[in-house]
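I have placed the structure first, in the form of structure tokens, so that the comments after it can refer back to it.
The values are calculated or read from the model by the stated rules, or taken from the named source; none is laboratory data. Worth saying up front: this structure is predicted, and the values here are computed from it rather than measured. Here the Cβ is made from the backbone with ideal geometry for all residues, glycine too, and neighbour counts use every protein chain on show. For accessibility, only protein heavy atoms count, side chains too; no ligands or nucleic acids. Shrake-Rupley method; radii C 1.70, N 1.55, O 1.52, S 1.80 Å.
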Amino acid sequence: MDIINLKDNPKLYYVGGVVRDELLGRESLDVDIVYEGNAIEDCTSLGEVVRINPDFGTIRVKIQGREVDIASTRTERYDHKGHLPQVEKIGCSLKEDVLRRDFTVNSLYKSVATGEILDFTGGLEDLKNKKLRVLHDKSFVDDPTRIIRALKFSHRFGFALEENTFRLQREYLKNINYDMCYKRIKKELIETLGLNSDEVFQKFINEKIYKLVTPKDVKLLSVKIEPLVNKYAKISENIWLIYVGVLRDLSRLELTRKEQKILDDFSELEDFEFRNDFEIYRAFEDKEIESVILYAVLKEEKIARHYLENLREIKIEITGKDLENIGFKPSPKYKEIFDFVLAKKLENPKMTLADEISCVKENFGD
Ligand code: CTP
């Protein structure tokens, strides 16, 4: 993770995930660097300035073709609990900067110049013992997204919540302040439930973390979601929505149109009483795959699997041109004929085009 050109500066520190990941011997997704002081005032000479955000004291510079974000050390205050904090002071000491962070294992600094690790909160010990510990008792009240972040980290690293942290989580979830920033909650849910893990989901329900999304009671279901996703929807961007969809009440999450369609498609399927394969096929064929899986999870797994495994690939081959060739004038009757052939083909998927044509002649001929 070393960025050579920054090495002369003794006030620059790697911080957060990148230090944690290196100590765990894991690859990090992004590199966070903090400057002990005001980065906007002092760091512009490090490279070509790409962007400056004075509100947060952050600066992006380009050094030998690589863009690096450098944050000023800062203190924050949560006047509006559950929402983004107010920046109080830009350019404080590291000891003050650390207090705005979520868990001790995310609060380690590593000097860019010397490689020395600075640990103000016992993060090294917690990393060794695989513990997630908040820095103070009001941490979840200030920022409830940390509860979902803890779930993500515990799955990713096999860490457990330290006892007092677990107690604070339970207390917060019993008495939630629903006036919070759901955009941030949603972002963490996408990352965490998007991991497609029944184990994560079990904790999400059993530890009542789902209460962040809805005050309604939800029980764990017997159907496992993970294998269904692995088999049918592995590349979906909306895996998280299958899990969170189980809660049904997502009114707080400001869903996009595509996300809402997944839920609406599911509701439509849920209302059907299917009498035969033809009805199943017609109902499912234009639905989003996530909606079909939600149907498997919340309604009838057998029907959804039957559609996905036996029916979905069946297509009739006969076209309007074929019907014209055998003497049918274009008319609304075509639809009736296609439906009839499809129903027959669902019973006998081996039907060839010739079989389909004979079927039409037999049943619709004069
Ligand atoms: N942070 C925090 N509270 C949050 C979000 C972030 O205290 N709600 C702090 C943590 O110190 C964290 C750092 O900001 O390590 C960077 O945040 P982010 O990139 O979201 O987390 P990472 O720990 O880098 O995790 P990931 O590996 O998923 O990027």
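Apart from one condition, CYS43 fits all of (1) surrounded by fewer than 19 Cβ atoms within 10 Å (Cβ to Cβ); (2) more than 14 Å from the ligand (Cβ to nearest atom); the exception is (1).
Going through (1) of a type in the set (Lys, Arg); (2) open to solvent by less than 30 Å² (accessible area, probe 1.4 Å); (3) assigned to a strand (DSSP E or B) one by one, LYS186 falls short only on (3). Within region 261-292, the only residue that satisfies the criterion of being crowded, with 17+ Cβ neighbours inside 10 Å and of a type in the set (S, T, N, Q) is SER291.
Would you confirm, using the coordinates I've provided, whether ALA343 is of a type outside the set (Asp, Glu), open to solvent by less than 80 Å² (accessible area, probe 1.4 Å) and over 30 Å from GLY245 (Cβ atoms)?
Working: of a type outside the set (Asp, Glu): yes; open to solvent by less than 80 Å² (accessible area, probe 1.4 Å): yes; over 30 Å from GLY245 (Cβ atoms): yes.
So ALA343 passes the test.
Candidates in region 19-40 are the residues that are in a helix (DSSP H, G or I) and touching a residue at least 24 places away in the same chain (Cβ under 8 Å); of these, the one that is nearest to VAL112 (Cα to Cα) is VAL19. Among the residues of region 140-183, the one identified as away from the ligand (no atom under 13 Å from the Cβ), aliphatic (A, V, I, L, M), under 16 Å from LYS81 (Cα atoms) and crowded, with 19+ Cβ neighbours inside 10 Å is LEU168.
Whether any residue in region 96-113 is small (Gly, Ala, Ser), farther than 25 Å from TYR13 by Cα and either away from the ligand (no atom under 12 Å from the Cβ) or open to solvent by less than 50 Å² (accessible area, probe 1.4 Å) (or both) is what I want to check. No, because not a single residue in region 96-113 is small (Gly, Ala, Ser), farther than 25 Å from TYR13 by Cα and either away from the ligand (no atom under 12 Å from the Cβ) or open to solvent by less than 50 Å² (accessible area, probe 1.4 Å) (or both). For region 52-74, state whether one or more residues are near the ligand (Cβ under 10 Å from one of its atoms) and under 20 Å from LEU135 (Cα atoms). No: zero hits.
Out of ASP143, ASP126, ASP119, ASP69, I need the residue that is among the acidic types (Asp, Glu) and modelled with pLDDT under 95. Which one?
Working: ASP143 fails: modelled with pLDDT under 95; ASP126 fails: modelled with pLDDT under 95; ASP119 fails: modelled with pLDDT under 95.
Step by step, each of ASP143, ASP126, ASP119, ASP69 is checked, and only ASP69 is among the acidic types (Asp, Glu) and modelled with pLDDT under 95.
Just one of (1) open to solvent by less than 30 Å² (accessible area, probe 1.4 Å); (2) under 26 Å from GLU309 (Cβ atoms); (3) assigned to a helix (DSSP H, G or I) fails for ASN196. It is (3).
Does GLN64 fit the bill of being at positive phi and open to solvent by 40 Å² or more (accessible area, probe 1.4 Å)? Lay out the reasoning, then the answer.
Numbers: at positive phi: yes; open to solvent by 40 Å² or more (accessible area, probe 1.4 Å): yes.
Judged against the criteria, GLN64 is a match.
Of the helices (runs of 4 or more DSSP H) lying entirely inside region 73-152, those carrying at least 2 residues that are within 20 Å of GLN169 (Cα to Cα) are 123-129, 139-142.
How about region 280-366: which helices (runs of 4 or more DSSP H) wholly inside it have at least 1 residues that are free of Cβ contacts under 8 Å to residues at least 40 places away in the same chain and aromatic (Phe, Trp, Tyr)? Steps first, please.
Numbers: elements: 289-298, 301-306, 320-325, 333-347, 353-364.
Output list reads 289-298, 333-347, 353-364.
Taking the criterion of being of a type in the set (D, E, K, R) and within 19 Å of VAL61 (Cα to Cα), the residues of region 4-49 that qualify are LYS7, ASP8, LYS11, ASP30, ASP32, GLU36, GLU41, ASP42, GLU48. For ARG133, the conditions (1) under 27 Å from GLU36 (Cα atoms); (2) open to solvent by less than 40 Å² (accessible area, probe 1.4 Å); (3) more than 12 Å from the ligand (Cβ to nearest atom); (4) in contact with a strand residue (DSSP E or B) (Cβ under 7 Å, 6 or more places away or on another chain) all hold with the exception of (2).
Is it the case that some residue within region 93-100 is touching a helix residue (DSSP H, G or I) at 6+ places or on another chain (Cβ under 8 Å) and at negative phi? No, every residue in region 93-100 fails to be touching a helix residue (DSSP H, G or I) at 6+ places or on another chain (Cβ under 8 Å) and at negative phi. Residue count for region 224-258 under the criterion of being part of a loop (DSSP other than H, G, I, E, B), open to solvent by 30 Å² or more (accessible area, probe 1.4 Å) and over 16 Å from ILE185 (Cα atoms): the result is 5.
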